[in-house]
Amino acid sequence: QPNSASLCPILTKFQNDCATPTPYLRKVADAIVDEMQAGLAVEGEGELDMILTYVDALPSGNEEGLFYALDLGGTNFRVRSVQLGGKEERVIATESEQISIPKELMIGTSEELFGFIATKLASFVAKEKPGRFQLEQGRKREIGFTFSFPVKQTSIDSGTLMKWTKGFHVSGMEGKNVVACLNEAMEVHGLNMRVSALVNDGVGTLAGARYWDEDVMVGVILGTGTNACYVEQKHKIPKLQSKSSSGTTVINTEWGGYSKILPRTVFDQEMDEKSLNPGEHLYEKMISGMYLGEIVRRVLLQMCKTSDLFGQFAPAKLSKPFVLRTEHLCKMQEDNTDDLQNVGSVLYEFLEVETNLNARRRVVEVCDTVVKRGGRLAGAGIVAVLEKIEKDTKRMSSGKRTVVAMDGALYEKYPQYRSYMQDALVELLGHKFASDVVIKHTKDVSGIGAAVLAATNSIY
Ligand code: ADP
């Protein structure tokens, strides 16, 4: 079978531009470490925010009692109760409920949004069956609040909203303490609850995974967007001007902001120019689920214009931004049939185009090129974080197991992405270190993590 790329100069050029051979990946990993160090040195320096999370104490497994988690980060919020039974019993029971947020509240006032959340919390608590733990007199129920919007954290239980994203635009919130907003609403609704820990989903994942496994040092999200959090030595954080700089703390890298050395193509540039944040988060735009399909769409469109990929004309639908989604790429790459039937039906369903085998092969090659680059770059990022940890702790060279807790549908559901990522880890770390690194898929532990952090940071 001839390599179909050889018949298509655009595809060949695209593949070359996307290439990430090991020496190149090494440069990327080193550059990410440099940016991490710059961000730790001085507030606002470097491309990575390296946000202090104030999570100084990670779960040990000894936590006991009834705690809650509230997760707000998209079109749904989730409330969860967790009964923690200590080292032996761990999670005795957990209940959760997902509630969709009415569209008008996403663009309303903060009183409306938090009022709605408080009412739902109240009915969740009202429905609770008596468990092992009774709330002591004078104590409030404590919540770990996962709030996945950009926040400038000011302590473990406070932080100001920097800007709304993901379709939210609640008035009068930017620059305000999000925890105060929620606490006030709970007060107004006569709810006996308070927020004891404010975290993002990466920190929640790290804490949740750490609750069961003390070797967890990193939490990574690979879903619509991407982020990584890790355990850092306080004395290695120059911008932390606190006297008590012993021990460890969790850093939220906001690594999606990395943009320096990257294999950018003209398609990446064009997508970036049309994005809500041009010039920013270029790493995120190459590795996270929101963008992979869109890059493929742009390449296919160009191939249609300059060669006869789908016949004489480009399908009209192919001009629609974000019409091809990462799920579709995944479905096409999973196709094992001789004539790539499933690729054909995805293209028919979403682009309304009939295709021959040759066209299907080329489409799969484009998908593979984008996913390979994404997975390998994600691997380089993980290596960067691991090497930063290694520099200060020498964990890996002393043969210690080191666990990266991973969550997000892109990692979970895209086997090719996962295996390209794993390849990059082995190439960069070498077999010896790579065998001590465990990438652990910890689905949905961030809620438990937030609840456990409420326990760790209980005011009682
Ligand atoms: P979020 O990151 O929004 O909290 P998820 O972890 O569920 O939520 O990630 C959703 C993203 O994962 C989607 O935007 C999509 O890019 C990607 N995704 C979802 N399903 C699949 C799939 N079957 N194959 C590949 N990628 C997928």
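Data table
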| read-out | value |
| --- | --- |
| Verdict on Val55 being part of a helix (DSSP H, G or I) and in contact with a helix residue (DSSP H, G or I) (Cβ under 9 Å, 6 or more places away or on another chain) | no |
| Within the range 236-290, tally of residues that are touching a strand residue (DSSP E or B) at 6+ places or on another chain (Cβ under 6 Å), aliphatic (A, V, I, L, M) and in a loop (DSSP other than H, G, I, E, B) | 0 |
| Complete set of residues in the range 398-455 that are of a type in the set (D, E, K, R), within 13 Å of the ligand (Cβ to nearest atom) and assigned to a strand (DSSP E or B) | Asp407 |
| Conditions (1) out of contact with any Phe, Trp or Tyr (no Cβ under 6 Å at 6 or more places or on another chain); (2) in the same structural domain as Gly85 (by TED's automatic domain parsing); (3) not polar (S, T, N, Q): number failed by Ile156 | (1) |
| Whichever residue in the range 139-182 is in a strand (DSSP E or B) and aliphatic (A, V, I, L, M) and, among such residues, is farthest from the ligand (Cβ to nearest atom) | Ile143 |
| Cross-chain or 6+ apart pairs with Cβ under 9 Å, the range 63-90 first and within 28 Å of Thr165 (Cα to Cα) and within 16 Å of the ligand (Cβ to nearest atom), then assigned to a loop (DSSP other than H, G, I, E, B) and among the β-branched types (Val, Ile, Thr) | Leu72/Ile101; Gly74/Ile101; Gly74/Thr224; Thr75/Ile101; Asn76/Ile101; Phe77/Ile101 |
| When residues of the range 278-319 are limited to those that are of a type in the set (D, E, K, R) and more than 24 Å from Ala409 (Cα to Cα), the one farthest from the ligand (Cβ to nearest atom) | Asp308 |
| Verdict on Gly379 being assigned by TED's automatic domain parsing to the domain that holds Ala19, in contact (Cβ under 8 Å) with a residue 24 or more places away in the chain, small (Gly, Ala, Ser) and surrounded by fewer than 18 Cβ atoms within 10 Å (Cβ to Cβ) | no |
| Of residues in the range 10-25 being among the polar types (S, T, N, Q) and part of a helix (DSSP H, G or I), the one nearest to the chain's Cα centre (by Cα) | Thr22 |
| Residues satisfying the stated conditions in the range 195-253, i.e. among the polar types (S, T, N, Q), more than 16 Å from the ligand (Cβ to nearest atom) and within 17 Å of the chain's Cα centre (by Cα) | Thr253 |
| Subset of the range 334-351 that is crowded, with 18+ Cβ neighbours inside 10 Å and in a helix (DSSP H, G or I) - its residue that is farthest from the chain's Cα centre (by Cα) | Gly344 |
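The values are calculated or read from the model by the stated rules, or taken from the named source; none is laboratory data. This is a predicted model, so every value here is computed, not measured. Using ideal geometry, Cβ is built from the backbone for each residue, glycine included, and neighbour counts are taken over all protein chains shown.
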